[in-house]
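**Student:** This is the structure, below, for whatever I ask next.
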Amino acid sequence: MPALPTNLDRHVAIASLAIREAMQDARLEPLSQDRSERSGAYWGTGAGSAATVEDSYARLHADQRIRPLTVLLGMQNAALAQIAVEFGLRGPQLAVSQACASAAAAIGEALLALRWGRADRIIVGGSDAPVVRSQLLAWESLRVLARRDDDVPEQSCRPFDRRRSGLVLGEGAAAFVLERESVAAARGAPVHAELCGYGNAGDASHYAKPDPDGQARAMKQALADAGLAPEDIGYLNAHATATGVGDVSEAEAIRRVFAESRTMPAVSSTKAIHGHTLGAAGALELAVAVLALERGCLPPTAHLEIPNVEGLDLVHGAPRECSIEAAMSNTFAFGGSNVSLAVRRYTD
């Protein structure tokens, strides 16, 4: 692969790197023209080109010339454009910006596009790189960032724990090669799981306060779309960001969905490990769910020692060896956007 241009925003650069790994993992060779026209790109980002925007304002206030490519590097579909050009993806394209649910929504919409026959494959995922001064100050002003634990600062993010005080921002990207089953089989592609369910529901109630009703509807939609019953879900990767209100709301939503199930799914949040990657979270955490399904090993919620949400089977302390047939990933966003995705073990 050629080297990346040096002027790309960080969220664009890491998107490209993630897709290179995904295509290598999928054993997907460079696409011929006819195949490229049936290959699309769907990508999610929340903060977008945060570093590019910050650099532009710094230049403006210093009376320096704005970089000529600022518009192109800073547009919300900058990552999508780079992806399509670099990998020759000439099929349908969609840039999704749905706050923290961006990547999850992009993945769900890609699933629908494949079902409708609009493409044979879609490269999909999300990326965000919000760790810049302006973003950090903005999130601090919102009062949702974790307070530093002076004794163990690396444990400041504690989802579902009584001592939780907020989230820790992270940066990252995750990508998938989604293909129609017949296309993947024809080329002998390795398959990690079947993406089978997508739910997308809005709260329409508050910019920042989550509503368990909307979250529960997203999960129920994903189950119905997949043709799964609640008891079929063996593991649920929770959105849980370690905010006081958010974790409680999601726990209530999970209890509502699985209240009449014979068994509750094992639940964990991995944000204590990789931070809240905003628009990339839905892709990154779906990858966690897929690996848990494939490997039969459920990741624990790091730094969780004193659970204070009731009625959930929380995985904490150590990974749990467990063979499961289906898993779910939740991604809930400011603005009341709720997306749930379901995957199941693939059998040909």
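The values are calculated or read from the model by the stated rules, or taken from the named source; none is laboratory data. All of these numbers come straight from a predicted model, not from anything done at the bench. Don't worry about glycine lacking a Cβ; one is built from the backbone with ideal geometry, like all the others, and counts go over all protein chains shown.
**Student:** Failed condition for LEU167, given (1) closer than 27 Å to LEU304 by Cα; (2) of a type outside the set (Ser, Thr, Tyr); (3) out of contact with any Cys (no Cβ under 7 Å at 6 or more places or on another chain); (4) touching a residue at least 12 places away in the same chain (Cβ under 8 Å), with all others met?
**Tutor:** The number of the failed condition is (3).
**Student:** Which of the strands (runs of 3 or more DSSP E) contained wholly in region 260-348 include at least 3 residues that are under 23 Å from LEU136 (Cβ atoms)? Break it down stepwise before answering.
**Tutor:** Values: elements: 266-268, 326-333, 337-344.
The qualifying strands (runs of 3 or more DSSP E) are 326-333.
**Student:** I'd like the residue in region 255-276 that is out of contact with any Gly (no Cβ under 8 Å at 6 or more places or on another chain) and buried (at least 18 other Cβ atoms within 10 Å of the Cβ) and, out of all such residues, is farthest from LEU312 (Cα to Cα). Show your work before the answer.
**Tutor:** Of region 255-276, the ones out of contact with any Gly (no Cβ under 8 Å at 6 or more places or on another chain) are 256-263, 267-270, 272-273.
Still in the running and buried (at least 18 other Cβ atoms within 10 Å of the Cβ): 257-258, 267-270, 272.
On the way: VAL257: 12, PHE258: 10, VAL267: 7, SER268: 10, SER269: 12, THR270: 16, ALA272: 18 Å.
Among them, the one singled out is ALA272.
**Student:** Same structure again: Pull up region 10-29, narrow it to residues that are outside any helix (DSSP H, G or I) and at pLDDT 95 or above, then point me to the one that is farthest from GLN135 (Cα to Cα).
**Tutor:** ARG27
**Student:** Go through region 270-286 and give me each residue that's of a type outside the set (A, V, I, L, M, F, W, C), under 13 Å from PRO130 (Cα atoms) and under 11 Å from the mean Cα position of the chain (by Cα).
**Tutor:** Looking only at region 270-286, we keep the residues that are of a type outside the set (A, V, I, L, M, F, W, C), and these are 270-271, 274-277, 279, 282, 285.
Restricting the remaining residues to those that are under 13 Å from PRO130 (Cα atoms) gives 275-277, 279.
Those that are of a type outside the set (A, V, I, L, M, F, W, C), under 13 Å from PRO130 (Cα atoms) and under 11 Å from the mean Cα position of the chain (by Cα): HIS276, THR277, GLY279.
**Student:** To continue, here is another question. Answer yes or no as to whether ALA242 is under 18 Å from the mean Cα position of the chain (by Cα), modelled with pLDDT of 95 or more, part of a loop (DSSP other than H, G, I, E, B) and not charged (D, E, K, R).
**Tutor:** Values: under 18 Å from the mean Cα position of the chain (by Cα): yes; modelled with pLDDT of 95 or more: yes; part of a loop (DSSP other than H, G, I, E, B): yes; not charged (D, E, K, R): yes.
So ALA242 fits the description; yes.
**Student:** Now for a separate question. Within the group ASP232, ASP225, which residue is of a type in the set (Asp, Glu), within 26 Å of GLN93 (Cα to Cα) and in the same structural domain as ASN338 (by TED's automatic domain parsing)? Outline the logic, then answer.
**Tutor:** Working: ASP232 fails: within 26 Å of GLN93 (Cα to Cα).
Result: ASP225 is the single residue among ASP232, ASP225 that is of a type in the set (Asp, Glu), within 26 Å of GLN93 (Cα to Cα) and in the same structural domain as ASN338 (by TED's automatic domain parsing).
**Student:** Spot the failing condition for GLU154; the list is (1) touching a Pro at 6+ places or on another chain (Cβ under 8 Å); (2) farther than 16 Å from ASP9 by Cα, and only one is missed.
**Tutor:** (1)
**Student:** A follow-up question, please. Name the pairs: first residue in region 199-216 and more than 22 Å from GLU109 (Cα to Cα), second residue surrounded by 14 or more Cβ atoms within 10 Å (Cβ to Cβ) and of a type in the set (Phe, Trp, Tyr), Cβ to Cβ under 8 Å, at least 6 apart or on different chains?
**Tutor:** Here the result reads TYR207/PHE334; ALA208/PHE334; PRO210/PHE332, each pair linking region 199-216 to a residue that is surrounded by 14 or more Cβ atoms within 10 Å (Cβ to Cβ) and of a type in the set (Phe, Trp, Tyr).
**Student:** Quick check on region 234-254: of everything there that is aliphatic (A, V, I, L, M) and within 17 Å of LEU314 (Cβ to Cβ), which residue is surrounded by the fewest Cβ atoms within 10 Å (Cβ to Cβ)?
**Tutor:** Residues of region 234-254 aliphatic (A, V, I, L, M): 236, 238, 240, 242, 245, 248, 251, 253-254.
Then keep just the ones that are within 17 Å of LEU314 (Cβ to Cβ); that gives 236, 238, 240, 242, 248, 251, 253-254.
On the way: LEU236: 29, ALA238: 29, ALA240: 33, ALA242: 28, VAL248: 17, ALA251: 23, ALA253: 27, ILE254: 27.
Looking at the filtered set, the residue picked out is VAL248.
**Student:** Could you tell me how many of the residues in region 254-272 are more than 14 Å from PHE160 (Cα to Cα), among the aliphatic types (A, V, I, L, M) and in contact with a Pro (Cβ under 8 Å, 6 or more places away or on another chain)?
**Tutor:** 1
Residue-by-condition table, conditions (1) touching a Gly at 6+ places or on another chain (Cβ under 7 Å); (2) touching a residue at least 12 places away in the same chain (Cβ under 8 Å):
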| site | (1), (2) |
| --- | --- |
| ALA186 | no, no |
| ALA193 | no, yes |
| ALA218 | yes, yes |
| ALA238 | no, yes |
| THR241 | no, yes |
| VAL248 | no, yes |
